Amino acid sequence: MSRIVSYRDLEAWQSAMDLLLRIYEIASQLPHVERFELASQMRRAAVSVPSNIAEGQAYGPSARYLHHVRVALGSLAELDTHLEAIIRIGHLTDQTLAPAFQLVRQTGRLLHGLERSLKLQQAAGWCLALAGFLCAGTALLLS
């Protein structure tokens, strides 16, 4: 596994950027009546996913990073709903949107993995802090 220096090194961000491009293509295929409604919401949600990954990573391993990953997951769920709405309304077919749904699933898996990793890092930090506190307390008792 290579070292993560920037959000650009994260597979979740790279996948989210691929999804963003796909969503912009889909939005351009929607009827004119949807250009300022559903298409606009889709583009905003698509931009939100990699943007939140990048912003969270910039904070470093912290609760804020985890928060931004969860916001990205929320935007991803919103986007999944938009795609489903397009099918149910009848603007595009599920075959046309299959590659986008695949990218949504892939990005979701990567984001959930990132979330798990951040939770483990956070838990490890708490354990180290608690161990340090217990060791200091024991030292005081023994002295």
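Annotations
- Only listed residue being within 14 Å of G108 (Cβ to Cβ) and open to solvent by 30 Å² or more (accessible area, probe 1.4 Å), chosen from E25, E11, E37: E11
- Annotation note: of V47, V5, the sole residue that is touching a helix residue (DSSP H, G or I) at 6+ places or on another chain (Cβ under 9 Å), open to solvent by 20 Å² or more (accessible area, probe 1.4 Å) and of a type in the set (A, V, I, L, M, F, W, C) is V47.
- Being free of Cβ contacts under 8 Å to residues at least 24 places away in the same chain, closer than 29 Å to Q122 by Cβ and assigned to a helix (DSSP H, G or I) is a condition met by at least one residue of the range 10-18.
The values are calculated or read from the model by the stated rules, or taken from the named source; none is laboratory data. This is a predicted model, so every value here is computed, not measured. All Cβ positions, even for glycine, are placed from backbone atoms using ideal geometry, and neighbour counts span all protein chains on display. Just the protein is used for accessible areas: all its heavy atoms, side chains included, with ligands, DNA and RNA removed. Shrake-Rupley method; radii C 1.70, N 1.55, O 1.52, S 1.80 Å.
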